[in-house]
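Undergrad: Before anything else, here's the structure in question.
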Amino acid sequence: MTLQAVLGQASGEDVAAGGALLRFGEAVVRGSEDLPAAREALKSKLGDPGFIEACAIAGIFNGLVRVADLSGIPLDDTSLHGSEDFREQLGLNTFSGAANSDLERADSRLAPDRFFPPVPDETAS
């Protein structure tokens, strides 16, 4: 996944049915009037089984985020320090759930060496 994808600037062309998935995801998150048409477009690309799977993923993700936000779960120290650099870039500090964490304490110098596991190099033999 690229930073452009996270910021809503991706086309989805690098993923099968990516454009339809992006359209559906945006419609779900925003509760837009485009949802019925986006739903039908995605169903026509993925078929019923793929469509149901996409709906389940959207629902699960939405539910998990809401539970975390509503319960007031703050970022743990590893996440707080390790995400300082990119939280601002992605606009995450403006989300309502950010109020659950003391973002002023964030110090990227205290971050672990690797916040994310390394991505395997598939071109290496």
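The values are calculated or read from the model by the stated rules, or taken from the named source; none is laboratory data. If you're wondering where the values come from, they're calculated on a predicted model, not measured in any experiment. Note: ideal-geometry Cβ built from the backbone for every residue, glycine included; neighbour counts use all protein chains shown.
Undergrad: If ASP69 passes every condition in (1) surrounded by 15 or more Cβ atoms within 10 Å (Cβ to Cβ); (2) out of contact with any Gly (no Cβ under 6 Å at 6 or more places or on another chain) but one, which one does it miss?
TA: For ASP69, the exception is condition (2).
Undergrad: Can you give me the number of residues within region 72-96 that are assigned to a helix (DSSP H, G or I), hydroxyl-bearing (Ser, Thr, Tyr) and either in contact (Cβ under 8 Å) with a residue 60 or more places away in the chain or surrounded by 13 or more Cβ atoms within 10 Å (Cβ to Cβ) (or both)?
TA: Number of matching residues: 1.
Undergrad: Could you please give the count of residues in region 1-48 that are closer than 26 Å to GLU88 by Cα, at pLDDT 70 or above and exposed (fewer than 10 other Cβ atoms within 10 Å of the Cβ)?
TA: Selection size over region 1-48: 1.
Undergrad: Another one. Going through ARG66, ARG87 one at a time, which residue ends up being under 17 Å from the mean Cα position of the chain (by Cα) and assigned by TED's automatic domain parsing to the domain that holds GLU26?
TA: Exactly one of ARG66, ARG87 is under 17 Å from the mean Cα position of the chain (by Cα) and assigned by TED's automatic domain parsing to the domain that holds GLU26, namely ARG66.
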